[in-house]
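The values are calculated or read from the model by the stated rules, or taken from the named source; none is laboratory data. Source: prediction; values computed, not measured. Cβ placement follows ideal geometry from the backbone for every residue including glycine, while neighbour counts extend to all protein chains displayed. Quick note on the areas: whole protein, heavy atoms, side chains included, nothing else; ligands and nucleic acids left out. Shrake-Rupley method; radii C 1.70, N 1.55, O 1.52, S 1.80 Å.
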Amino acid sequence: MLPREHLKQFPAAAALPLLILVAAAAVEQLRLSAMLVLLLGLLVSLLVGRDATGRPAAGQVLVYAACLLVAITLVWDSLGLPASLPARASCADVLSPFAVFRAAGAVVVITCLLLLLRLTRATRSEIGLQWPSRTWVVASLVGLPAIGTAAALLGPPLAEPFFGPVPSATGELRALVPALVFAIANSCMEEVAYRGALLRWLTPSIGVGAALALQAIVFGLAHGTGTDFIGSPLPVMAATAAAGLIFGVLAVRTRSLLVPIALHIALDIPVYYGKVCLGT
């Protein structure tokens with residue numbers, strides 16, 4: 001385990017990776033270069049960022065590692081999802097490109113996370129990869145279908161001012177399988193990056209309050225780019241940041257990513273229907 005004795009003092013050098021990450025989240029064109037700079041920063045901090053005892057400076061290493069993982073997620077997002085399948089019935093295809101592409105992204109991000117855990121000598125439980133209490137497990141199982149239903153009913157009218165008309169129903173019940181593949185992959189990918197690595201690895205250096213705020217801001221900025229908007233993306237960014245803050249609080253409260261992942265899945269299922277089955 002990397003030493004944690006001096007993590008309460010936020011080193012000036014740790015501000016640089018955070019600024020790079022915020023810029024990458026806000027400006028899509030900067031994401032690839034930002035990821036490469038953060039990777040270089042992590043390697044340098046591992047090799048030459050030593051404390052008085054000659055061990056790696058844990059604070060700087062963890063901040064770079066957290067920012068790098070989120071940057072990898074941003075780069076994958078910037079690659080662009082495959083175009084929606086032309087035929088409405090095709091959204092029920094288990095191998096829908098939209099779902100498969102996101103599943104591949106989740107594999108990439110989680111693999112990178114495992115490598116970073118090994119490099120930093122951190123544990124999975126430190127970033128919330130553990131089961132919460134039985135009460136929270138039950139709450140997650142109950143809340144997932146309830147919130148998913150509410151999102152499917154309320155999402156179209158709320159999204160229309162920003163994305164245009166979104167039909168609220170589809171007869172493709174078979175599409176629930178690829179919709180779940182997409183939702184589970186996207187939720188795991190984003191939660192391990194934002195509420196796992198970014199929130200948890202920033203907290204020792206800057207405190208839980210600042211870490212909660214920063215991960216929510218980056219999460220909101222990351223969802224304000226793209227060509228889907230017909231109106232200002234600012235309300236969507238604010239709503240996404242608020243959701244990120246709520247997910248972060250739940251991750252801290254439960255000491256696990258299960259509840260945020262379950263809620264995220266419920267909210268993401270209608271996204272698949274909207275983008276593929278309904279072609280919006």
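The set of residues in the range 110-135 being part of a loop (DSSP other than H, G, I, E, B) and under 18 Å from the mean Cα position of the chain (by Cα) consists of Gly128, Leu129, Gln130.
Across the range 16-35, the qualifying residues are those that are within 16 Å of Gly220 (Cβ to Cβ) and among the hydrophobic types (A, V, I, L, M, F, W, C), and the one among them that is surrounded by the most Cβ atoms within 10 Å (Cβ to Cβ) is Leu21. For Gly164, are the conditions met, namely being at pLDDT below 80 and either of a type outside the set (A, V, I, L, M) or open to solvent by 50 Å² or more (accessible area, probe 1.4 Å) (or both)? Yes; evaluated as a whole, the condition is true for this residue.
Of the residues Val100, Val70, Val22, Val63, the single one that is over 17 Å from the mean Cα position of the chain (by Cα) and modelled with pLDDT of 70 or more is Val100. Which ones in the range 173-213 are buried (at least 24 other Cβ atoms within 10 Å of the Cβ), of a type in the set (A, V, I, L, M) and farther than 22 Å from Ala65 by Cβ? Across the range 173-213, the qualifying residues are Ala175, Ala179, Ala183.
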